[in-house]
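What follows is a set of notes on a single structure, which appears directly below.
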Amino acid sequence: MQPMQFQGSQIYLADKKPLMPAPAPRAPQLIDIKFEEKMALMKVARQLADEFGHYEDPTYIQTLHLYAYQLLPQRIARLLTQFGSDFSASQYGALVLRGLVEVDQEKLGPTPPSWKAYDPEKLLLYGFICSLLHGAVPAKPVQYYVQRKGGGLLHPIIPDESMSMSQTGSGSKTDLFVHTEDAFLFNQADFLSFLYLRNEEQVQSTLYSIRSHPAINANMEQLFRPIFRCPKDANFKDEQLGGADVMTSILYGNRQTPFIRFDAAEQLYNADAGQSSEALEILSRFWTEAKEYIYNDFIPQSGDLVFVNNHLCAHGRSAFKAGMKQVGGEWVKCERRQMLRMMSKTNLLQIREMTHPDNPYFIIEDHYGKIAKF
Ligand SMILES: [Fe+2]
């Protein structure tokens, strides 16, 4: 039996004869977490909370990888470690860990009006669990100062009535188009986790992977050219656009198995994006194809977590009526959705120019290489 190797989208025997084409992945890998794994994880989180008090404790974050490898259930640690360096043609770029954590809905209480009113105590165990997952990649959780001032390493994403029509995490009434997170930064997150505490409205999560295209066709080749602009997202509508003159490519890295930086709402539908007609034409052709590959079969339930490689896979969600659910064809009131997001970088040395002098986990990039003033 000859050893098999992966190369491009073909599976080869060691003598390089193609055996069969690997199909382009169209959906994330779904992993059902076993009851024992969930219980072990909750116990570990309680132990770490007793020892460190908070998941942002510098000693904990500095030594995070040790804890991840020692304390996570082995199957989960192995899965995330492999995911961290699998950029192959068959890697979709997102994992769905179903039933990862236990959420006591009563203890969670009513959903607060906005993320700013969130009780930090309620985030504690989930912060330890999410950070361990990022630690296993291995990556370090980071926070983005300009984009989420004072948000910390774990951000509650809650529908906010005053921003219901916006293309942000606080929106609800319009579809949130698929996007890679912070496509307007050079130092965007490498990995993201979305932990769903509550989704009574049964909002669909959407994902789109660059790997779902069977091949990089002639139009997609054009996406490697640095001719595309990306304005800052709708969180900054009233602010001055800095870095607006910078143009980047949409695809980068390996030519056959590229990475992607893309925000459909900002790059295609924002009239102020300043896109050239050539860039807009290439993007429109690409988006027509890409839309066919959007995955929307997943409705997250309380306790589910989606782990994403932000260079391979974009994310979004369907429009919804915040605080309303359908029961037997009738709309009835319910508690609003709650999701917790964590973001991480795999290399703190590389981003040092863009981090706070006293805190290498605190990113201060404003817009494509422009450093924020604060
Ligand atoms: Fe996002």
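The values are calculated or read from the model by the stated rules, or taken from the named source; none is laboratory data. In this text, all values refer to a predicted model and were calculated from it rather than measured experimentally. Glycine gets a Cβ as well: all are built from the backbone with ideal geometry, and neighbour counts include every protein chain shown.
Residue check: ASP297 meets all listed conditions (1) away from the ligand (no atom under 16 Å from the Cβ); (2) on the phi < 0 side of the Ramachandran plot; (3) part of a loop (DSSP other than H, G, I, E, B) but one, namely (3).
Hey, can you tell me all the residues within the range 58-71 that are under 21 Å from the mean Cα position of the chain (by Cα) and under 12 Å from LEU133 (Cα atoms)?
First pass over the range 58-71, keeping only residues under 21 Å from the mean Cα position of the chain (by Cα): 61, 64-65, 68.
Scanning the range 58-71 gives LEU64, HIS65, ALA68.
Looking for something assigned to a loop (DSSP other than H, G, I, E, B), more than 16 Å from the ligand (Cβ to nearest atom) and closer than 16 Å to LEU185 by Cα - is there at least one such residue anywhere in the range 268-289?
Quick first cut of the range 268-289, residues assigned to a loop (DSSP other than H, G, I, E, B) only: 269-276.
Checking the rest, the ones that are also more than 16 Å from the ligand (Cβ to nearest atom) come to 271-276.
Right, trim to closer than 16 Å to LEU185 by Cα and you get 273.
The answer is yes, given that some residue of the range 268-289 is assigned to a loop (DSSP other than H, G, I, E, B), more than 16 Å from the ligand (Cβ to nearest atom) and closer than 16 Å to LEU185 by Cα.
Among the residues of the range 114-125, some residue qualifies, meaning at least one is within 16 Å of the ligand (Cβ to nearest atom) and either over 14 Å from the mean Cα position of the chain (by Cα) or of a type in the set (S, T, N, Q) (or both).
If you check SER344, SER302, SER318 for being surrounded by 13 or more Cβ atoms within 10 Å (Cβ to Cβ), within 16 Å of the ligand (Cβ to nearest atom), under 24 Å from PRO156 (Cα atoms) and at pLDDT 95 or above, only one passes: SER344. No other residue among VAL306, VAL246 is within 18 Å of ILE210 (Cβ to Cβ) and either assigned to a strand (DSSP E or B) or among the hydrophobic types (A, V, I, L, M, F, W, C) (or both) apart from VAL306. Filtered by the rule that a residue be buried (at least 20 other Cβ atoms within 10 Å of the Cβ) and of a type in the set (A, V, I, L, M, F, W, C), the range 274-299 gives ALA279, ILE282, LEU283, PHE286, ALA290.
Evaluate the range 349-370: report whether one residue or more is of a type in the set (Phe, Trp, Tyr) and within 16 Å of the ligand (Cβ to nearest atom).
Taking the range 349-370 first, the residues of a type in the set (Phe, Trp, Tyr) are 361-362, 368.
Imposing the further condition that a residue be within 16 Å of the ligand (Cβ to nearest atom) reduces the set to none.
The answer is no; no qualifying residue exists.
Output yes when any residue across the range 92-105 is without any contact (Cβ under 8 Å) to a residue 12 or more places away in the chain, surrounded by fewer than 22 Cβ atoms within 10 Å (Cβ to Cβ), over 17 Å from the mean Cα position of the chain (by Cα) and under 23 Å from ILE299 (Cβ atoms), and no when none is. Yes, the range 92-105 contains at least one residue that is without any contact (Cβ under 8 Å) to a residue 12 or more places away in the chain, surrounded by fewer than 22 Cβ atoms within 10 Å (Cβ to Cβ), over 17 Å from the mean Cα position of the chain (by Cα) and under 23 Å from ILE299 (Cβ atoms).
Checking the structure you have, find out if any residue of the range 115-122 is aliphatic (A, V, I, L, M) and assigned to a loop (DSSP other than H, G, I, E, B). No, the range 115-122 contains no residue that is aliphatic (A, V, I, L, M) and assigned to a loop (DSSP other than H, G, I, E, B). Hey, could you check the range 327-345 for residues that are of a type in the set (A, V, I, L, M, F, W, C) and assigned to a strand (DSSP E or B) and say which is nearest to ILE363 (Cα to Cα)? It comes out as MET343.
Got a sec? Which of VAL137, VAL146, VAL178, VAL142 is under 24 Å from LEU66 (Cα atoms) and within 16 Å of the ligand (Cβ to nearest atom)? Walk me through how you get there before you give the answer.
Numbers: VAL137 fails: within 16 Å of the ligand (Cβ to nearest atom); VAL146 fails: under 24 Å from LEU66 (Cα atoms); VAL178 fails: under 24 Å from LEU66 (Cα atoms).
Every option except VAL142 fails the conditions.
Being within 19 Å of the chain's Cα centre (by Cα) and more than 16 Å from the ligand (Cβ to nearest atom) is the requirement here; does SER131 meet it?
For SER131, the condition - within 19 Å of the chain's Cα centre (by Cα) and more than 16 Å from the ligand (Cβ to nearest atom) - is met.
Evaluated against (1) surrounded by fewer than 22 Cβ atoms within 10 Å (Cβ to Cβ); (2) at pLDDT 95 or above; (3) within 16 Å of the ligand (Cβ to nearest atom), LEU154 falls short on exactly one condition, (1).
Within the range 181-206, the set of residues being more than 10 Å from the ligand (Cβ to nearest atom) and of a type in the set (Phe, Trp, Tyr) comprises PHE184, PHE186, PHE191, TYR196.
Please state which one of ALA183, ALA189, ALA218 is of a type in the set (A, V, I, L, M, F, W, C), over 30 Å from GLU106 (Cβ atoms) and without any contact (Cβ under 8 Å) to a residue 12 or more places away in the chain.
Sole residue among the options that is of a type in the set (A, V, I, L, M, F, W, C), over 30 Å from GLU106 (Cβ atoms) and without any contact (Cβ under 8 Å) to a residue 12 or more places away in the chain: ALA218.
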